[in-house]
1. Between a first residue in the range 211-228 that is over 10 Å from Ala196 (Cα atoms) and a second residue that is open to solvent by 60 Å² or more (accessible area, probe 1.4 Å) and assigned to a loop (DSSP other than H, G, I, E, B), which pairs have beta carbons less than 9 Å apart while being 6 or more apart in sequence or on different chains?
2. Test of understanding: among Lys71, Lys36, which residue is over 30 Å from Leu546 (Cβ atoms), crowded, with 18+ Cβ neighbours inside 10 Å and in contact (Cβ under 8 Å) with a residue 24 or more places away in the chain?
3. Against the definition (open to solvent by 10 Å² or more (accessible area, probe 1.4 Å), of a type outside the set (Val, Ile, Thr) and more than 19 Å from the chain's Cα centre (by Cα)), how does Arg352 come out, yes or no?
4. For the range 177-184, state whether one or more residues are open to solvent by 60 Å² or more (accessible area, probe 1.4 Å), under 24 Å from Leu136 (Cα atoms), out of contact with any Cys (no Cβ under 7 Å at 6 or more places or on another chain) and modelled with pLDDT of 95 or more.
5. Among the candidates Trp516, Trp569, which residue alone is over 24 Å from the mean Cα position of the chain (by Cα) and of a type in the set (A, V, I, L, M, F, W, C)?
6. Of the conditions (1) of a type in the set (Gly, Ala, Ser); (2) open to solvent by less than 50 Å² (accessible area, probe 1.4 Å); (3) in contact (Cβ under 8 Å) with a residue 12 or more places away in the chain, Ser141 satisfies every one except a single condition; which number is it?
7. If I go through the range 495-543 residue by residue, how many of them are open to solvent by 40 Å² or more (accessible area, probe 1.4 Å), in contact with a Phe, Trp or Tyr (Cβ under 8 Å, 6 or more places away or on another chain) and either among the acidic types (Asp, Glu) or within 15 Å of Leu387 (Cα to Cα) (or both)?
8. Would the range 199-212 turn up any residue that is open to solvent by 10 Å² or more (accessible area, probe 1.4 Å) and either touching a Ser or Thr at 6+ places or on another chain (Cβ under 6 Å) or in a helix (DSSP H, G or I) (or both)?
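The values are calculated or read from the model by the stated rules, or taken from the named source; none is laboratory data. Keep in mind that this is a model prediction, so the values were computed, not measured. A quick note on method: Cβ atoms are made from the backbone with ideal geometry, for glycine too, and the neighbour counts reach across all protein chains shown. Quick note on the areas: whole protein, heavy atoms, side chains included, nothing else; ligands and nucleic acids left out. Shrake-Rupley method; radii C 1.70, N 1.55, O 1.52, S 1.80 Å.
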Amino acid sequence: MGGRVNEDLIKERRKCTFDIKELTHIIDCGEENTIKRKQIDNYILNIKELWDDVPEEYLSHKERYENAIKKAFIVLKVLRQLHTGNIQITDHRTPTNVYSIQDGIFRNVNPLLIHIGLFWSTIAAQASTEQQAEWLQPDSSMIGTYVQTELGHGSFIRGIETTATYDSTTDEFILHTPRLSAYKWWPGGLGNTANACLVMAQLYINGTCHGLHIFLAQIRDFDTHKPLPGIKVGEIGPKMGFNTADNGFLGFDNHRIPRTNMLMKNVQVLRDGTYVKPKHDKLTYGSMLLTRVTLISDLAYQLSKAATIAVRYSAVRRQSPIKSNEPERQILDFVSQQHKLFITIASSHVYRVVGLWMWNSHKRVTADIHEGNMGQLPELHALACCLKAISSRDASALVEQCRLACGGHGYMMASNLPQIYAYTTAAVTYEGEYTVLLLQTARYLVKFWRLAAEHKPLPQNFAYFEDYIKKNFEQWRNSPEGIIEGFKAIVAGKTKAAYDTLQCNLRNGREFEEAWNMASVQLTNASEAYARSLLCEVFWKETVQLSTKVSKSLAIVLEQLAELYLMYWALEKHGDLLLYSTISRNDIEALQSRYEELLALIRPNAVGLVDAFDIRDEVLCSTLGAYDGRVYERMMEEASKSPLNEDVVNESFHKYIRPVTMKNKL
């Protein structure tokens, strides 16, 4: 799309005080990765079949799926070529950078996302060497998905009702859906695409239930694609978003699969029906955490898109003078607009940094698990639960905040903000519902508070529990370090309150589960506080460390962003700080003053900061956020694509409007 760059954006870019490319390389984890990403983007952008002439919004539900599946197999071919090195990319061993460009290709989601991202990785993690040799073939006919959630059970996976009963006479498992609530529901790619699935089911041998296990089941004929006997499968219908994901339902009617189709890396069922337990019941859990860990980084990317759109639009949009004798100002000059948007930029960096920190933690714990050391797994589980919950909830709210900051134009699908919101808000519930995950972390917090209350040794990262009990409160400091200590005091105070309520309920004769439920609001509040303390502490420490390795001009901006994030949440949670720390009213007023000072300091770099995310227009898919800032021209160009503009007079006029108006005229 031709045309000059908007003059306001040109001026904004001249204000930038740091090297934008330097920050881009940091976001990409190195210049080599930036180069590789751009090479992949350029390669895919030249595949004409991947780009639509008609916006997806004007297609029917069926047409959207068919269009997406056509593109999906083109992308799958590219992924395979990248993996084998047939496409000359700098480092073809790591093709994951192809995923960002997919946001532009699909607008919604790739219907093969679960096949590419979870089906094969689960086989690689949970299947035996022999099974992997058979199933992980490059020319395999299998298009798979991962089938766990049921109509009646989601986060509470122990309640899953689908059964896999071993028949020793035929050496087979019989998969069965005993009732309507046991139908599998939600798996991406299941509706019309997958011909195989990894299904989570309760294992029964000779009438004894051995709990949940994973089984590979073919569900459609590899040639005709028709459902196999004993299989009822279909698509679940339109959702708020993800409408090209091909989410489906699945029921089994005594469907038989070979015994060797149970994933048997860590657990086995022998020919005679002998059940061989895993060496440790947590062996399968490490890989299950991976999705929650990677979600944090994905949310960082979604926030970077929303921030880019809203900040560029706010630099272009002029409305209302600040002083009556002045011309209309860029809405980015209004402090209230900066308050809405700069926290979104900062939060994207927070989730990027914390996501990478969690990724490295997951790698270490996984390596320990393979060595038989499970000691760090509970901590990783607690961290992944609360960080996934809070980052998804906050990201969803921030994307919506960006949409609202763009006024009415943000409501247009062409802004792409509604699609980003629909994508982000789904993360609050999938891969672990928000409240359920926080209650998982609460068990971890209660465990260590009990140790502190009993004056038993604590790990170093919970030493502040003991300080709180002994009332060894630090004097409040209006600094990042002081805010971090304040958030730890909130964690301790809220955990204590929840623990005390739990103990009170138990003393009053409640069963533990009932007592826990009665204290659940306080328990989730403690977990939220714990997540926020982690986000603040990890981000600040990592930023300070990074600042010693980058140019001074960039270090200043990064530390401003990190400080802004801490100040923002300190002000948002000032009531909790007043309750549990030594902060005073004067301290809060000083925090507010410093926060507003940081908004002013970041203002000249706002456009430069979002430019550093380096998201191509073809990926951003936004009339409001394109690099050239031609907002109004692009909006009119998109409006012209509406099918309702094809005819000067729509035929409905002659069918419905004219007969009424002519009758009234007569």
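1. Pairs found: Gly211/Asp281; Asp223/Ser141; His225/Asn192.
2. Selected residue: Lys71, the only one of Lys71, Lys36 that is over 30 Å from Leu546 (Cβ atoms), crowded, with 18+ Cβ neighbours inside 10 Å and in contact (Cβ under 8 Å) with a residue 24 or more places away in the chain.
3. No.
4. Quick first cut of the range 177-184, residues open to solvent by 60 Å² or more (accessible area, probe 1.4 Å) only: 179-180.
If we keep only those that are under 24 Å from Leu136 (Cα atoms) too, we end up with none.
No, that holds for no residue.
5. Values: Trp569 fails: over 24 Å from the mean Cα position of the chain (by Cα).
After applying the criteria, what remains is Trp516.
6. Ser141 satisfies all of (1) of a type in the set (Gly, Ala, Ser); (2) open to solvent by less than 50 Å² (accessible area, probe 1.4 Å); (3) in contact (Cβ under 8 Å) with a residue 12 or more places away in the chain except (2).
7. So the count comes out to 1.
8. yes
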